[in-house]
Amino acid sequence: MQSPDNLIEIRNLKTHFKTDEGLVKAVDGVDLDVPRGRVLCVVGESGSGKSIMARSIMRIIQRPGRIVEGTIRYAAAAGSEIDLAQLDPIGSAMRNIRGGDFGMVFQEPMTALSPVHTVGDQVTEALLLHRSLDKKAAEAEAAAMLAKVGLPDPKATLKRFPFELSGGMRQRVCIAMALICRPKLLIADEPTTALDVTTQAQVLDLLRDLQAEMGLTVLFITHNLGVVAEIADQVAVMYLGRVVEFADADTLFHDPRHPYTQALLRSVPRPGLRGARLPTVRGNVPHPLDRPAGCPFQTRCDFAVSGLCDREFPVATQVSPGHIVSCARVGEFDRIPEAAQ
Amino acid sequence: MTAAPLLAVENLQMHFRNRKGLFRRQPPPTRAVDDVSLQIQPGETLSLVGESGSGKTTLGRCILGVYRATAGRITYAGTAGEPVELTTLGEAELKPYRRQIRMIFQDPNSSLNPRRPVVDLIGECLEIHGVAKGRARSERVAELLTQVGLRPEYMSRYPHAFSGGERQRIGIARALALDPRLVVCDEAVSALDVSVQAQIINLLQDLQAQRGLTYLFIAHDLAVVEHISDRIAVMYAGRLVEVARTEDLFATPLHPYTEALIGTIPLPDPRLRKAARTRLGGEIASLTNPPSGCNFHPRCRYATADCSIKRPALREVGGRQVACHHAESLSLRGA
Amino acid sequence: MLDAIPDARTVERLKRKRERYLAAGQWTLIWRRFRRHTLGLIGGAIAVLIYLIAIFAEFLAPTTLEDYTAAYRFAPPMPLEIVHVGADGAWQWGLHTHPLVPTVDKVKMRRTLAPDPRKLVPVGFFVPGEPYRFWGLFPTDIHLIGTSDPKVPLMLLGSDRLGRDLLSRIIYGARISLSIGLFGVAISFALGVVIGGISGYLGGVTDNLIQRLVEILDSIPSVPLWIGLAAIIPLTLAPELVYFLITLILALIGWTGLARVVRGRFLALKSEEFISAARLDGASPLRIIMHHMVPSFMSHIIAALSLAIPGMILAETALSYLGIGLRPPVVSWGVLLQDAQNIRTIVEAPWLLLPGVAVVITVLALNFFGDGLRDAADPYSS
């Protein structure tokens, strides 16, 4: 591992899907450090590969997708590290890590929960698998966890079925399931997107509190920049399978250096801009089978220079400590100027 | 008062019956829309805001005639000038009004039949209403595609050939095909990526300016709503709680629920991070068994004993409308 | 003024293959998915082959349906050889067979027929043989394969108790067995789609009533029901009429499965947003059904149909085998199997069970095909 502060270090990760229409390079060379004990938000739109990357870490990518290259180094215990990309995804080593060390919360709480098992069954399952507890002790711990995630009357909730709960409550159950074994890493894949705004606020607060209390490392995937601003310590921006910018939250919002990040921030409606035209990113995200050579953003970038941007993917440059940008022109300006509209 | 509204909703009720089998007592109905009165002025963008269960989608569909309201009236100022009570019309009589009031759906994936090419999807309504057939239809579809920013050659393609944003543009073209006056946008941008959302919002605004459209914009994202609306109507659990001009609503909300909603807008700036403060606790009120009196009172920080007894009516306060017993005395925090 | 028109460069860069995918309608996509299902392809190919055999039956069969050779009763399958080693060691090339002569089987203590190795009868293709009328239309006498000696019949699968060539009868029987499958399924299809469609589209009380009717029909044991209905058919009725009535009986009981599939699809489709959109466009219910719903479930129906045909074939075979279905001179595989009811017959002439093999192959082929089609039927699910 390059730094003891990192829980996971991803280098050159490539996850490709062989479909009827061609080879889809969903994740195509991602370098990312997940620092311990902080909240890292991965932001991107459809096709950015953020979900696939998270599932690659958990090794739950199904056929026709597979990890074709790269390493996912995980600092398992003091001094030892494992490359998750090399493990057999259904072998016992990975299964122990998944559920024991890593927890995951998905976007749709209704489909993530089994409709035919009670809440208690589902929350205690991970406990019974990864720790040798008897059923009563497991249920006690499950009830404690449900209380911690803010569910009223935990003992009664253990006996209920998911369809009896509201969306927000189900998502809290999913969070409880993910955290019950006190994992080191929590991966949350758009956990609040399917929820109402008031519930979303509650769940975000909950995640922040739990993270602080349990010292969790959180990898939070979202497309909502507002949510990122609320919860992130650090942010990685992904576009078409690659990380284009990495910075801590304040820097990203106030000093973005990659044209895509800039454009994304500008296109979010915010109070005070009423009635004006929203600046947009021109064009559409290219179809994954039509990846441009070189920098994937060049087809929509106002600063793209032919001959420079269409050769190779730009090298990641550190513009200041902890702020890494992959843009061929990043060295030319102190800040990339606002594009003329 | 303002000029005659384009569409007026009066005391509208939409109750869904819940059947529980032959031998059990009939459970109470789901009060999806519970005595709502609202007016849409011509040329404006009125946003209908609320969370799940607020009734905003149901209200939109009642206006379109997808659901038959269980009580109340919907009056539409037809092009002839004479207002028409849509609620009294049968299916056949409603058909000409279907040209004037159209809908843009939320999910571009499920609202376009994947088995038909784009020209049929957009052109079907032209055929049905006898506007254009055959070659004339194709020409009209080509025109519409250009107006929404797509190449006309694409009309022989199928929906799976397009991205989410492009499919939404097809949906917009379909809605505009018959030159409507009122367009109901049912969460039209909620399922889109951020950058695409911005494009579609701009497109909707351009089209409104070009064609003099009136929008009923149903959404849950207050940031988008603030950008695009002239007036905003806030709904909670089937009831209207506040209606006001956008600037007024955001500067000084008069209803505690509006205040809570504004408080949840995540702003894209970490420095404005909202420490755990006015978070709204509890769950959304049940639609089958609503709380007595004001249905928001169990979650309201300012509730008094009165609030659980008497349901507040939507009344005029300072040029706006709000349904709260304490509207005059509360000073709530805006954006 | 309007932004985001995809630029020309991007469009030109699309490969032709992707362009075909983008403009591909549902049947192209279904074919693509089906292509990957090996068993389905094999099943489909075999099924097509068998139907072709049924169509060209008269030409493909070595002889006609009722032609018999008295000397060749209960004849075992005749060998077909390419090279013959003569007594002098010389090799003779050419497709040929040996005539059968009566011999005594000393092990089983019976008289049987066995090939005479000393005599050779050349076998050729496109040889003249028994005259026939192709589909009853134009007369000819050319058969695909046959011997050059009119006194020696070519019985590649043996013969029955009257000396009739089994292979020819199996080929002719294919025509009857397979066509009953098709016609029966066509009637079931019409009934199933209409009744299932009404049930699914209208919903409510109508749906309830129709579904209960379906359940009642389904709960009646099918074999006794067939037997009961078939027994009503008078013995003296013309064979063609019997054929028609049997088809009708099978179809009238078999439509329920299809009705269920159609109803299920209608119910699922009713709540789709694009159906709401069509309604808001002003489409009448008929237009919605024909333009929007039917294309959506067509592929499922075809998959269900291809799985229903084997059921019909098996049902007819069973009825005819029991003697209450078709009767000679209308010959189907089931009728042929009647000869194999007797244990003694099976022991002495086991090749008489071969029509059963034909049934098995056909049913398997159609099942694999239907399976593959069902998996491919919805190309829009991810």
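Calculated FRET efficiency, residue C:66 to residue A:20, Cβ-Cβ distance, R0 = 41 Å: about 0.20 to the nearest 0.05.
Model label points for residue A:137 and residue C:90, set 7 angstrom from Cα along the Cα-to-Cβ axis, are 9.5 nm apart. Angle of helix C:294-321 to the longest C-alpha principal axis of chain C, folded into 0 to 90 degrees and rounded to 10: 30°.
The mean sequence distance of close C-alpha pairs (under 8 Å, at least 6 residues apart), as a share of the length of chain A, puts its relative contact order at 19 percent.
The mean number of partner chain beta-carbon atoms within 10 angstrom of a residue's beta-carbon across peptide A:250-258 is 2. As a test of the formula, what do you get for chain C when each DSSP H run with n ≥ 4 contributes -39,500 (n - 2.57) and the sum is divided by the residue count, at 222 nm and rounded to the nearest 500 deg cm²/dmol? That calculation yields -18000 deg cm²/dmol at 222 nm. Averaged over peptide B:115-125, the number of partner chain Cβ atoms lying within 10 Å of each residue's Cβ comes to 4. Compute the angle between helix C:166-202 and the longest alpha-carbon principal axis of chain C, please, reported from 0 to 90 degrees and rounded to the nearest 10. That works out to roughly 20 degrees. Here residue A:159 is the anchor, and the aspartates and glutamates within straight C-alpha reach of less than 15 Å, apart from those fewer than 8 places off in the same chain, are A:121, A:125, A:139, A:141. Annotated for chain B: lysine pairs at least 8 residues apart or interchain, Cα distance under 30 Å, count 5. Take the Cα of residue C:219, step 7 Å toward its Cβ, do the same at residue C:73, and the gap between the two points is 5.3 nm. Straight-line cross-link partners of residue C:108 among the aspartates and glutamates, defined as a Cα under 14 Å from its Cα and at least 8 positions apart when in the same chain: C:348. Beta bridges per DSSP, both residues in chain A: antiparallel share near 65 percent.
Taking only DSSP H segments of four or more residues, each worth -39500 (n - 2.57), what value at 222 nm results for chain A once the sum is divided by all its residues, to the nearest 500 deg cm²/dmol? For chain A, the value works out to -9000 deg cm²/dmol. Taking every C-alpha pair closer than 8 Å and separated by at least 6 residues, the mean separation divided by the residue count of the range A:210-341 gives a relative contact order of 22 percent. Residue A:161 sits among other residues whose Cβ lies under 13 Å from its own Cβ, and their net charge, with Lys and Arg +1 and Asp and Glu -1, is +1. Taken residue by residue and averaged, Cβ atoms of other chains lying within 10 Å of the Cβ of B:104-111 number 3. Helices in chain B, meaning DSSP H runs of at least 4 residues, each add -39500 (n - 2.57). Divided by all residues, the mean residue ellipticity at 222 nm is -8500 deg cm²/dmol. Charge dipole of the range C:75-163 (Cα centre as origin; +1 on each Lys and Arg Cβ, -1 on each Asp and Glu Cβ, all else neutral): 400 debye, rounded to the nearest 20. Taking R0 as 56 Å, what's the FRET efficiency between residue A:86 and residue B:302 from their Cβ-Cβ distance, rounded to 0.05? So, using R0 = 56 Å, E works out to roughly 0.40. Tell me the angle of helix C:222-232 to the major Cα principal axis of chain C, expressed in degrees between 0 and 90 and rounded to the nearest ten. So the inclination is approximately 70 degrees.
Shape class of the range C:75-163 from the alpha-carbon gyration tensor: oblate, with a/c at 1.5 or above and b/c at least as large as a/b. Normalised by the number of residues in the range C:75-163, the average gap of Cα pairs under 8 Å and 6 or more apart makes the relative contact order 29 percent. Summarising the label geometry, the points placed 7 Å from Cα in the beta-carbon direction at residue B:333 and residue C:322 lie 8.2 nm from one another.
Coordinate-derived values only; no laboratory data. For clarity, every value in this text was computed on a predicted model and none was experimentally measured. So basically every Cβ, Gly included, is an ideal-geometry build from the backbone, and we count neighbours across all protein chains shown.
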